[in-house]
Amino acid sequence: MANIHTPIPSLKLNDGTSMPMLGYGTGTAWYKKGEESRIDQALVDGVKTAIKLEYTHLDGAEIYKTEPELGTAIKEGGVPREKLYVVSKVQTNVSNIQEAIKESLRKLQLDQLDLYLIHSPFWANSDEELQKAWADMETVQAAGLTKSIGVSNFLPKHLTAILKTAKVVPATNQIEFHPYLQHPELLAFHKEHGIATTAYAPLTAVTRATPGPVDDYMASLEKKYAVTAAEISLRWCIDQDVVPITTSSKEQRLSDYLRAATFKLTPKEIREINELGQKKHYRAFWAKYFDENDRS
Ligand SMILES: NC(=O)c1ccc[n+]([C@@H]2O[C@H](COP(=O)([O-])OP(=O)(O)OC[C@H]3O[C@@H](n4cnc5c(N)ncnc54)[C@H](O)[C@@H]3O)[C@@H](O)[C@H]2O)c1
Ligand SMILES: OCCc1c[nH]c2ccccc12
(Lines give C-alpha, C1' and ligand atoms only; values in the text may rest on other atoms or scores of the structure.)
(Ligands and ions follow the chains in the order given, each with its own letter.)
Protein backbone atom coordinates (compact mmCIF):
# COMPACT_ATOMS: atom_id res chain seq x y z
CA MET A 1 0.00 0.00 0.00
CA ALA A 2 1.21 3.50 -0.81
CA ASN A 3 2.46 5.66 2.05
CA ILE A 4 0.33 8.59 3.02
CA HIS A 5 2.71 11.47 3.42
CA THR A 6 3.47 14.83 1.87
CA PRO A 7 5.36 14.24 -1.37
CA ILE A 8 9.04 15.16 -1.44
CA PRO A 9 9.51 18.30 -3.58
CA SER A 10 11.79 18.41 -6.64
CA LEU A 11 14.38 20.96 -7.74
CA LYS A 12 14.58 21.95 -11.41
CA LEU A 13 18.16 21.68 -12.71
CA ASN A 14 19.84 23.80 -15.39
CA ASP A 15 19.44 21.03 -18.01
CA GLY A 16 15.64 20.88 -17.60
CA THR A 17 15.58 17.70 -15.46
CA SER A 18 14.30 17.60 -11.86
CA MET A 19 16.06 16.25 -8.78
CA PRO A 20 14.02 14.91 -5.82
CA MET A 21 14.91 17.04 -2.80
CA LEU A 22 15.72 14.22 -0.38
CA GLY A 23 18.28 11.55 -1.18
CA TYR A 24 19.18 8.18 0.35
CA GLY A 25 22.96 7.64 0.44
CA THR A 26 25.00 4.43 0.26
CA GLY A 27 28.35 5.97 1.29
CA THR A 28 29.40 6.71 4.90
CA ALA A 29 27.48 4.12 6.94
CA TRP A 30 27.39 1.66 4.05
CA TYR A 31 30.50 1.75 1.88
CA LYS A 32 32.21 -1.60 1.57
CA LYS A 33 35.64 -2.23 3.06
CA GLY A 34 35.99 -5.70 1.56
CA GLU A 35 35.42 -7.38 -1.81
CA GLU A 36 32.83 -5.63 -3.95
CA SER A 37 31.36 -8.94 -5.13
CA ARG A 38 30.35 -9.91 -1.57
CA ILE A 39 26.80 -8.61 -1.43
CA ASP A 40 25.80 -6.72 1.72
CA GLN A 41 22.22 -7.93 2.20
CA ALA A 42 21.61 -5.32 4.93
CA LEU A 43 22.25 -2.62 2.35
CA VAL A 44 19.99 -4.28 -0.27
CA ASP A 45 17.27 -4.37 2.41
CA GLY A 46 18.03 -0.77 3.45
CA VAL A 47 17.62 0.53 -0.11
CA LYS A 48 14.45 -1.54 -0.58
CA THR A 49 13.05 -0.06 2.64
CA ALA A 50 13.87 3.43 1.39
CA ILE A 51 12.17 2.70 -1.95
CA LYS A 52 9.14 1.29 -0.11
CA LEU A 53 8.92 4.53 1.88
CA GLU A 54 8.95 6.38 -1.46
CA TYR A 55 12.50 7.67 -1.48
CA THR A 56 13.39 7.94 -5.15
CA HIS A 57 16.78 9.69 -5.11
CA LEU A 58 19.46 7.02 -4.56
CA ASP A 59 23.11 8.04 -4.23
CA GLY A 60 25.94 5.64 -5.08
CA ALA A 61 29.57 5.87 -6.16
CA GLU A 62 32.31 3.78 -7.71
CA ILE A 63 34.42 4.04 -4.54
CA TYR A 64 31.61 2.98 -2.20
CA LYS A 65 31.51 -0.42 -3.95
CA THR A 66 27.74 -0.40 -3.33
CA GLU A 67 26.50 -0.33 -6.93
CA PRO A 68 25.71 -4.09 -6.95
CA GLU A 69 23.47 -3.70 -3.89
CA LEU A 70 21.80 -0.60 -5.32
CA GLY A 71 21.15 -2.43 -8.57
CA THR A 72 19.62 -5.46 -6.86
CA ALA A 73 17.43 -3.28 -4.65
CA ILE A 74 16.24 -1.23 -7.63
CA LYS A 75 15.39 -4.43 -9.48
CA GLU A 76 13.53 -5.94 -6.52
CA GLY A 77 12.12 -2.67 -5.14
CA GLY A 78 8.88 -2.80 -7.11
CA VAL A 79 9.08 0.79 -8.36
CA PRO A 80 9.48 1.41 -12.11
CA ARG A 81 12.98 2.56 -13.09
CA GLU A 82 11.70 5.82 -14.57
CA LYS A 83 10.26 6.84 -11.19
CA LEU A 84 13.71 6.58 -9.53
CA TYR A 85 16.58 9.08 -9.61
CA VAL A 86 19.86 7.15 -9.62
CA VAL A 87 23.21 8.82 -9.04
CA SER A 88 26.76 7.51 -9.26
CA LYS A 89 30.21 9.08 -9.16
CA VAL A 90 33.61 8.45 -10.67
CA GLN A 91 36.92 8.76 -8.85
CA THR A 92 39.23 5.74 -9.22
CA ASN A 93 38.76 5.44 -12.99
CA VAL A 94 38.49 9.15 -13.69
CA SER A 95 41.15 8.80 -16.39
CA ASN A 96 38.72 6.60 -18.37
CA ILE A 97 35.24 7.97 -17.75
CA GLN A 98 33.72 6.22 -20.80
CA GLU A 99 34.65 2.81 -19.34
CA ALA A 100 33.93 3.83 -15.74
CA ILE A 101 30.30 4.76 -16.42
CA LYS A 102 29.73 1.57 -18.42
CA GLU A 103 31.09 -0.44 -15.49
CA SER A 104 28.84 1.46 -13.05
CA LEU A 105 25.80 0.82 -15.28
CA ARG A 106 26.69 -2.86 -15.53
CA LYS A 107 26.87 -3.18 -11.73
CA LEU A 108 23.65 -1.21 -11.33
CA GLN A 109 21.94 -3.33 -14.05
CA LEU A 110 20.78 -0.09 -15.69
CA ASP A 111 21.00 1.48 -19.17
CA GLN A 112 21.23 5.07 -18.01
CA LEU A 113 21.97 7.10 -14.89
CA ASP A 114 19.99 10.15 -13.91
CA LEU A 115 23.13 11.91 -12.68
CA TYR A 116 26.84 11.14 -12.92
CA LEU A 117 29.36 13.10 -10.86
CA ILE A 118 33.11 13.55 -10.72
CA HIS A 119 33.47 12.53 -7.05
CA SER A 120 36.20 15.03 -6.19
CA PRO A 121 38.76 17.35 -7.81
CA PHE A 122 41.58 16.34 -5.48
CA TRP A 123 43.21 13.77 -7.80
CA ALA A 124 43.95 16.43 -10.47
CA ASN A 125 47.38 18.02 -10.78
CA SER A 126 46.32 20.76 -13.19
CA ASP A 127 43.33 22.65 -14.58
CA GLU A 128 43.87 20.78 -17.87
CA GLU A 129 43.29 17.43 -16.16
CA LEU A 130 40.01 18.68 -14.71
CA GLN A 131 38.99 20.12 -18.09
CA LYS A 132 39.70 16.81 -19.83
CA ALA A 133 37.65 14.89 -17.27
CA TRP A 134 34.78 17.35 -17.72
CA ALA A 135 34.94 16.97 -21.53
CA ASP A 136 34.69 13.18 -20.99
CA MET A 137 31.62 13.73 -18.80
CA GLU A 138 30.06 15.73 -21.63
CA THR A 139 30.83 12.85 -24.02
CA VAL A 140 29.08 10.22 -21.88
CA GLN A 141 26.10 12.52 -21.43
CA ALA A 142 25.88 13.08 -25.21
CA ALA A 143 26.04 9.28 -25.67
CA GLY A 144 22.92 8.97 -23.47
CA LEU A 145 24.63 7.05 -20.66
CA THR A 146 23.48 9.64 -18.12
CA LYS A 147 20.81 12.31 -18.24
CA SER A 148 22.71 14.87 -16.16
CA ILE A 149 26.34 15.48 -15.29
CA GLY A 150 27.84 17.25 -12.32
CA VAL A 151 30.66 17.37 -9.82
CA SER A 152 31.25 16.83 -6.12
CA ASN A 153 33.54 18.50 -3.61
CA PHE A 154 34.52 21.18 -6.14
CA LEU A 155 35.54 24.65 -4.88
CA PRO A 156 35.12 27.87 -6.88
CA LYS A 157 38.66 27.49 -8.29
CA HIS A 158 37.86 24.00 -9.64
CA LEU A 159 34.52 25.13 -11.10
CA THR A 160 36.21 28.17 -12.68
CA ALA A 161 38.75 25.86 -14.32
CA ILE A 162 36.17 23.57 -15.94
CA LEU A 163 33.82 26.42 -16.91
CA LYS A 164 36.63 27.89 -19.05
CA THR A 165 36.27 25.02 -21.54
CA ALA A 166 32.85 23.53 -20.68
CA LYS A 167 30.08 23.16 -23.23
CA VAL A 168 27.73 22.00 -20.47
CA VAL A 169 27.53 23.74 -17.09
CA PRO A 170 27.52 21.16 -14.24
CA ALA A 171 23.94 20.49 -13.13
CA THR A 172 25.00 20.24 -9.49
CA ASN A 173 27.93 20.24 -7.09
CA GLN A 174 27.47 17.72 -4.25
CA ILE A 175 29.23 19.14 -1.20
CA GLU A 176 29.41 18.75 2.55
CA PHE A 177 26.84 21.24 3.83
CA HIS A 178 25.37 21.82 7.29
CA PRO A 179 25.19 24.70 9.78
CA TYR A 180 28.87 24.23 10.70
CA LEU A 181 30.03 24.28 7.05
CA GLN A 182 27.94 26.78 5.09
CA HIS A 183 30.59 28.00 2.58
CA PRO A 184 28.65 31.10 1.49
CA GLU A 185 31.09 32.03 -1.33
CA LEU A 186 30.72 28.61 -2.94
CA LEU A 187 26.92 28.81 -2.76
CA ALA A 188 26.99 32.31 -4.27
CA PHE A 189 29.16 30.93 -7.10
CA HIS A 190 26.63 28.12 -7.69
CA LYS A 191 23.78 30.64 -7.83
CA GLU A 192 25.63 32.90 -10.25
CA HIS A 193 26.25 29.99 -12.65
CA GLY A 194 22.95 28.10 -12.23
CA ILE A 195 24.56 25.11 -10.51
CA ALA A 196 22.31 23.35 -7.97
CA THR A 197 23.74 22.54 -4.55
CA THR A 198 23.41 19.00 -3.21
CA ALA A 199 24.27 18.52 0.48
CA TYR A 200 25.91 15.44 1.88
CA ALA A 201 26.35 14.95 5.63
CA PRO A 202 23.39 17.30 6.26
CA LEU A 203 22.80 15.97 9.80
CA THR A 204 26.36 16.69 10.96
CA ALA A 205 25.48 19.60 13.27
CA VAL A 206 22.98 17.48 15.21
CA THR A 207 24.89 14.17 15.16
CA ARG A 208 28.66 13.92 14.75
CA ALA A 209 29.47 17.55 15.65
CA THR A 210 27.49 17.86 18.91
CA PRO A 211 27.58 19.59 21.32
CA GLY A 212 27.51 22.97 19.61
CA PRO A 213 26.01 26.45 19.34
CA VAL A 214 22.88 25.40 17.40
CA ASP A 215 21.76 22.82 19.98
CA ASP A 216 19.39 24.93 22.11
CA TYR A 217 17.80 26.62 19.14
CA MET A 218 17.34 23.27 17.37
CA ALA A 219 15.63 21.97 20.53
CA SER A 220 13.17 24.89 20.46
CA LEU A 221 12.38 24.19 16.78
CA GLU A 222 11.93 20.46 17.52
CA LYS A 223 9.17 21.47 19.97
CA LYS A 224 7.60 24.05 17.67
CA TYR A 225 7.32 21.70 14.66
CA ALA A 226 7.03 18.40 16.60
CA VAL A 227 9.89 16.83 14.60
CA THR A 228 13.49 15.83 15.41
CA ALA A 229 16.60 17.96 14.87
CA ALA A 230 17.41 15.70 11.91
CA GLU A 231 14.26 16.84 10.11
CA ILE A 232 14.98 20.49 11.02
CA SER A 233 18.45 20.02 9.48
CA LEU A 234 16.99 18.53 6.28
CA ARG A 235 14.36 21.26 6.02
CA TRP A 236 17.06 23.93 6.60
CA CYS A 237 18.66 22.63 3.38
CA ILE A 238 15.41 22.35 1.38
CA ASP A 239 14.31 25.86 2.36
CA GLN A 240 17.59 27.18 0.92
CA ASP A 241 17.06 25.24 -2.37
CA VAL A 242 19.74 22.73 -1.35
CA VAL A 243 19.05 18.99 -1.86
CA PRO A 244 20.02 16.96 1.24
CA ILE A 245 21.26 13.36 0.99
CA THR A 246 21.05 11.45 4.22
CA THR A 247 20.86 7.78 5.14
CA SER A 248 20.03 5.32 7.90
CA SER A 249 19.75 1.59 8.37
CA LYS A 250 16.74 2.19 10.64
CA GLU A 251 13.31 2.21 9.00
CA GLN A 252 11.90 4.47 11.74
CA ARG A 253 14.54 7.14 11.05
CA LEU A 254 14.01 6.94 7.30
CA SER A 255 10.30 7.32 7.87
CA ASP A 256 10.80 10.24 10.30
CA TYR A 257 13.09 12.08 7.83
CA LEU A 258 10.11 12.27 5.42
CA ARG A 259 8.49 14.72 7.85
CA ALA A 260 10.94 17.27 6.42
CA ALA A 261 8.43 17.59 3.58
CA THR A 262 5.59 18.53 5.93
CA PHE A 263 6.65 21.94 7.32
CA LYS A 264 8.65 25.02 6.38
CA LEU A 265 11.11 27.07 8.41
CA THR A 266 10.60 30.85 8.42
CA PRO A 267 13.32 33.08 6.89
CA LYS A 268 14.07 34.32 10.42
CA GLU A 269 14.58 30.74 11.68
CA ILE A 270 16.93 29.99 8.79
CA ARG A 271 18.90 33.17 9.53
CA GLU A 272 19.12 32.26 13.21
CA ILE A 273 20.46 28.74 12.45
CA ASN A 274 22.96 30.28 10.00
CA GLU A 275 24.19 32.83 12.54
CA LEU A 276 24.53 30.28 15.34
CA GLY A 277 26.15 27.79 12.95
CA GLN A 278 28.82 30.28 11.95
CA LYS A 279 30.13 30.19 15.52
CA LYS A 280 31.58 26.73 14.92
CA HIS A 281 33.51 25.15 12.04
CA TYR A 282 33.39 21.39 11.41
CA ARG A 283 34.36 19.36 8.34
CA ALA A 284 33.64 15.61 8.41
CA PHE A 285 34.96 14.56 4.95
CA TRP A 286 38.04 15.08 2.75
CA ALA A 287 39.54 17.18 5.60
CA LYS A 288 43.13 16.33 4.65
CA TYR A 289 42.72 18.44 1.50
CA PHE A 290 41.92 21.59 3.50
CA ASP A 291 43.62 23.79 6.09
CA GLU A 292 41.92 23.43 9.44
CA ASN A 293 40.58 27.01 9.28
CA ASP A 294 39.58 26.94 5.61
CA ARG A 295 35.80 27.29 5.46
CA SER A 296 35.46 27.19 1.67
N1 LIG B 1 30.33 13.22 -2.36
C2 LIG B 1 30.97 12.93 -1.24
O3 LIG B 1 32.19 13.10 -1.13
C4 LIG B 1 30.18 12.37 -0.08
C5 LIG B 1 30.75 12.37 1.20
C6 LIG B 1 29.95 11.87 2.26
C7 LIG B 1 28.69 11.38 2.02
N8 LIG B 1 28.19 11.37 0.75
C9 LIG B 1 26.84 10.83 0.46
O10 LIG B 1 25.90 11.38 1.35
C11 LIG B 1 25.24 10.34 2.08
C12 LIG B 1 24.84 10.82 3.44
O13 LIG B 1 26.00 11.17 4.19
P14 LIG B 1 25.98 11.07 5.76
O15 LIG B 1 25.67 9.67 6.16
O16 LIG B 1 27.21 11.68 6.30
O17 LIG B 1 24.69 11.98 6.07
P18 LIG B 1 24.02 12.49 7.38
O19 LIG B 1 24.72 13.67 7.98
O20 LIG B 1 22.61 12.66 7.03
O21 LIG B 1 24.18 11.33 8.44
C22 LIG B 1 23.43 10.15 8.38
C23 LIG B 1 23.85 9.30 9.55
O24 LIG B 1 23.40 9.92 10.76
C25 LIG B 1 22.84 8.92 11.57
N26 LIG B 1 21.83 9.53 12.46
C27 LIG B 1 20.62 9.98 12.12
N28 LIG B 1 19.97 10.45 13.19
C29 LIG B 1 20.80 10.28 14.24
C30 LIG B 1 20.71 10.56 15.62
N31 LIG B 1 19.61 11.10 16.16
N32 LIG B 1 21.77 10.27 16.39
C33 LIG B 1 22.88 9.73 15.87
N34 LIG B 1 23.04 9.43 14.56
C35 LIG B 1 22.01 9.70 13.76
C36 LIG B 1 22.20 7.95 10.62
O37 LIG B 1 21.99 6.71 11.20
C38 LIG B 1 23.23 7.91 9.50
O39 LIG B 1 24.23 6.95 9.73
C40 LIG B 1 26.24 9.18 2.04
O41 LIG B 1 25.63 7.94 2.27
C42 LIG B 1 26.78 9.31 0.64
O43 LIG B 1 25.86 8.75 -0.28
C44 LIG B 1 28.91 11.87 -0.29
O1 LIG C 1 31.89 10.17 -0.58
C2 LIG C 1 32.09 9.68 0.70
C3 LIG C 1 33.38 10.00 1.35
C4 LIG C 1 34.51 9.14 0.96
C5 LIG C 1 35.72 9.63 0.66
N6 LIG C 1 36.54 8.62 0.35
C7 LIG C 1 35.87 7.42 0.46
C8 LIG C 1 36.29 6.12 0.25
C9 LIG C 1 35.38 5.11 0.42
C10 LIG C 1 34.10 5.41 0.80
C11 LIG C 1 33.67 6.72 1.01
C12 LIG C 1 34.57 7.73 0.84
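The values are calculated or read from the model by the stated rules, or taken from the named source; none is laboratory data. None of these values were measured; they are calculated from a predicted model. Glycine also receives a Cβ, built like all others from the backbone with ideal geometry; neighbour counts cover every protein chain displayed. Just the protein is used for accessible areas: all its heavy atoms, side chains included, with ligands, DNA and RNA removed. Shrake-Rupley method; radii C 1.70, N 1.55, O 1.52, S 1.80 Å.
Based on the inverse mean of 1/r over its pairs of different Cα atoms, what is the Kirkwood hydrodynamic radius of the range 16-170, in Å?
Computed over the range 16-170, the radius equals 15.8 Å.
Of the listed pairs Lys107/Lys157; Lys32/Lys288; Lys75/Lys224, which have alpha-carbon separations greater than 30 Å here?
Flagged as over cut-off: Lys107/Lys157; Lys75/Lys224.
If contacts are Cα pairs under 8 angstrom and at least 6 residues apart, what is the relative contact order of the chain in percent?
19
In whole percent, and with a 1.4 Å probe on the protein chains, what portion of the accessible area of the range 1-99 is carbon and sulfur?
The nonpolar share, carbon plus sulfur, comes to 53 percent.
Could you rank Thr210, Thr92, Thr146 by how accessible they are, 1.4 Å probe, largest area first?
Thr92, Thr210, Thr146
With a probe of 1.4 Å, find how much accessible area the range 161-242 has per residue, and write the answer as a whole number in Å².
38
Taking all protein chains in place and a 1.4 Å probe, what share, in percent, of the accessible surface of the range 126-224 do carbon and sulfur account for?
That fraction is 57 percent.
Return, for the Cα atoms of the chain, the radius of gyration and Dmax in Å, separated by a comma.
Rg and Dmax of the chain, Cα atoms, are 18.3, 52 Å.
All other residues with a Cβ under 15 Å from the Cβ of Ala196 taken together, and with Lys, Arg as +1 and Asp, Glu as -1, what is their net charge?
-3
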